[in-house]
């Protein structure tokens, strides 16, 4: 049985929560203000609300950046799943010998700083004429998320009851039947959670995006920093842009709340 | 990038126990694994080999004809260069402060959220929001909407409070130039505390209830229960949070690039940002590669500990 907080500690908990949430709330609120009301001192939180900043953003061509982001994150997530699901199957349901070593190999690639790979990746991509190309980002994001996906999917597939699998095989059920009837129902929530986590990481990625793209393939985070330097500072519009680009991840994250910790800890914590 | 653990051996198979585990059967099991394995090796290991090779060259693209093998002299440079030493120190300070502060705050929040209270679900949802805001967006938000000396929320609120008490004007603090490192640290702590909270909350909720009940029956105080039961139980979750946090925060690029550009001077230049500058501002490829190798070796040390912790959690899970 979980104990209850006393009124005092409930107050503390809510105070802390609101303190952490305040910058997000401020960002969203400012995005609905006019520029003149956004950059005031002292702040004017009760200024009239408007959609103008969002309208301006779309008239200033945020759309291609958003489309690049969608393309890079969605396609890389699909590729990750296509590679990770069979791999996770070979690491849990029908494990290869030394499968734990393979798991730790995948994990170890995640622990190496991406910055150390930037130079060779930049040189190779430049040589191949693939600078400023969304597919370059897709390949890199796939590699970046694959270890997480393998670990997560394995932890989900490991929950498929062994007895039922064996019983199905004894009964002479074919591989496809087993996959569809026994594995899929257990694996589906895991698949959804894994895709959301991979989507979040690709969507937010900045370092490769800013260094390997120029004009054609730039993603949403590159738009954010670029629009500051190109247009000077417009606080309300900046907040609108920041809110807009964060929205998909906020939605995905809230939807995957229960599975978030499992993904972030690579399946180590349930 | 490279391996930290031995790759799977393709050498002699162990003694066969059953006829069905013959070569063909073993390959049949391996097939689903191969695409992912090959892809990972090609995309993550080969660039690292290239980094190693480049790190032994004198190579500045501003001096095109002058690319030649120099052995380990780039490493001599890396270990003696003042800027790089500053960057290493900054990286340690930045990472340690962010991780330690967010673990402590995360633990506090997790302990509150482990109890029932009005609106607990909503509070949890609101608390993870900072972690979900795009890091670049968060950095820009802190820089312009919060730290800005003229109209940022911090000075604005100070001003409003001062006026409330009859003063003419509040102080005008230029937060980023006056406190560059704390400014970066605070924005990162804000993003990473929810991460720590989630991991520690999962740990608290995995705590066996009967042990806590027994402690209560035996008349243990809340503090005793926390010190002798909760904290030891949480230890591996804290370790996991610290290690994963360290691995991610060591790589911080977005916040430094956006909030301070490593400045003023090189006061907030961390290793990733310094490597970026060496590559794209100084065009010293050899030096950048050597610094990259050093970063990888540093990460290797942290990762060895991280892998050990994850391996112990993993063994528990497999054994279950």
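The values are calculated or read from the model by the stated rules, or taken from the named source; none is laboratory data. Computed from a predicted structure; not experimentally measured. Positions of Cβ are generated from backbone atoms using ideal geometry, with glycine treated the same way; all protein chains shown enter the neighbour counts.
For the stretch A:140-189, the set of residues classified as touching a helix residue (DSSP H, G or I) at 6+ places or on another chain (Cβ under 6 Å), part of a helix (DSSP H, G or I), free of Cβ contacts under 8 Å to residues at least 60 places away in the same chain and surrounded by fewer than 21 Cβ atoms within 10 Å (Cβ to Cβ) consists of A:164, A:168, A:178, A:182, listed by residue number. For residue B:209, the test of being within 11 Å of chain A (Cβ to nearest Cβ), farther than 22 Å from residue B:86 by Cβ and either over 26 Å from the mean Cα position of the chain (by Cα) or modelled with pLDDT of 85 or more (or both) is passed. Exactly one residue among A:15, A:49 is in a loop (DSSP other than H, G, I, E, B) and either out of contact with any helix residue (DSSP H, G or I) (no Cβ under 7 Å at 6 or more places or on another chain) or within 8 Å of another protein chain (Cβ to nearest Cβ) (or both), and that residue is A:49. Just one of the listed residues (B:107, B:84, B:72) is surrounded by 15 or more Cβ atoms within 10 Å (Cβ to Cβ) and under 23 Å from residue B:286 (Cβ atoms), and it is B:84. Summed over the stretch B:286-304, residues that are more than 10 Å from chain A (Cβ to nearest Cβ) and modelled with pLDDT under 80 total 0. The number of residues in the stretch B:57-77 that are out of contact with any helix residue (DSSP H, G or I) (no Cβ under 8 Å at 6 or more places or on another chain), assigned to a loop (DSSP other than H, G, I, E, B) and closer than 24 Å to residue B:296 by Cβ comes to 3. Scanning the stretch B:129-152 for residues that are over 20 Å from residue A:221 (Cα atoms) and surrounded by fewer than 24 Cβ atoms within 10 Å (Cβ to Cβ), we see that the one that is nearest to the other protein chains (Cβ to nearest Cβ) is B:151.
Restricting attention to the stretch B:214-255, the residues being closer than 30 Å to residue B:136 by Cβ and outside any helix (DSSP H, G or I) number 3. Starting from residues that are within 17 Å of the chain's Cα centre (by Cα) and assigned to a helix (DSSP H, G or I), keep the ones in the stretch B:256-269 and report whichever is surrounded by the most Cβ atoms within 10 Å (Cβ to Cβ). Checked the stretch B:256-269; the qualifying residue surrounded by the most Cβ atoms within 10 Å (Cβ to Cβ) is B:256.
Rundown of residues vs (1) within 11 Å of another protein chain (Cβ to nearest Cβ); (2) closer than 18 Å to residue B:106 by Cα; (3) surrounded by 19 or more Cβ atoms within 10 Å (Cβ to Cβ); (4) modelled with pLDDT of 85 or more, yes/no style:
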residue: B:195; (1), (2), (3), (4): yes, yes, yes, yes
residue: B:219; (1), (2), (3), (4): no, no, no, no
residue: B:237; (1), (2), (3), (4): yes, yes, yes, yes
residue: B:252; (1), (2), (3), (4): yes, no, yes, yes
residue: B:271; (1), (2), (3), (4): yes, no, yes, yes
residue: B:280; (1), (2), (3), (4): yes, no, no, yes
residue: B:284; (1), (2), (3), (4): yes, no, yes, no
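Restricting the stretch B:201-213 to residues that are assigned to a helix (DSSP H, G or I) and touching a residue at least 12 places away in the same chain (Cβ under 8 Å) leaves a set whose member that is farthest from residue B:115 (Cα to Cα) is B:211. When A:56, A:5 are checked against the criterion of being surrounded by 15 or more Cβ atoms within 10 Å (Cβ to Cβ) and under 20 Å from residue B:120 (Cα atoms), A:5 stands alone in meeting it. Selection within the stretch B:100-123: residues that are in contact (Cβ under 8 Å) with a residue 60 or more places away in the chain and more than 22 Å from the chain's Cα centre (by Cα). The member of this set that is nearest to residue B:231 (Cα to Cα) is B:111. I'd like to know if the stretch B:170-182 contains one or more residues that are part of a helix (DSSP H, G or I) and at the interface with another protein chain (Cβ under 10 Å from one of its Cβ atoms). Scanning the stretch B:170-182 turns up no residue that is part of a helix (DSSP H, G or I) and at the interface with another protein chain (Cβ under 10 Å from one of its Cβ atoms).
The combined condition, being facing chain A (nearest Cβ under 9 Å), outside any helix (DSSP H, G or I) and surrounded by fewer than 19 Cβ atoms within 10 Å (Cβ to Cβ), is not fulfilled by residue B:161. Within the stretch A:58-73, one or more residues are more than 7 Å from chain B (Cβ to nearest Cβ), assigned to a loop (DSSP other than H, G, I, E, B), in contact with a helix residue (DSSP H, G or I) (Cβ under 7 Å, 6 or more places away or on another chain) and under 30 Å from residue A:33 (Cα atoms). Entry remark, the stretch A:114-139: residues being without any contact (Cβ under 8 Å) to a residue 24 or more places away in the chain and surrounded by 23 or more Cβ atoms within 10 Å (Cβ to Cβ) number 3 in total.
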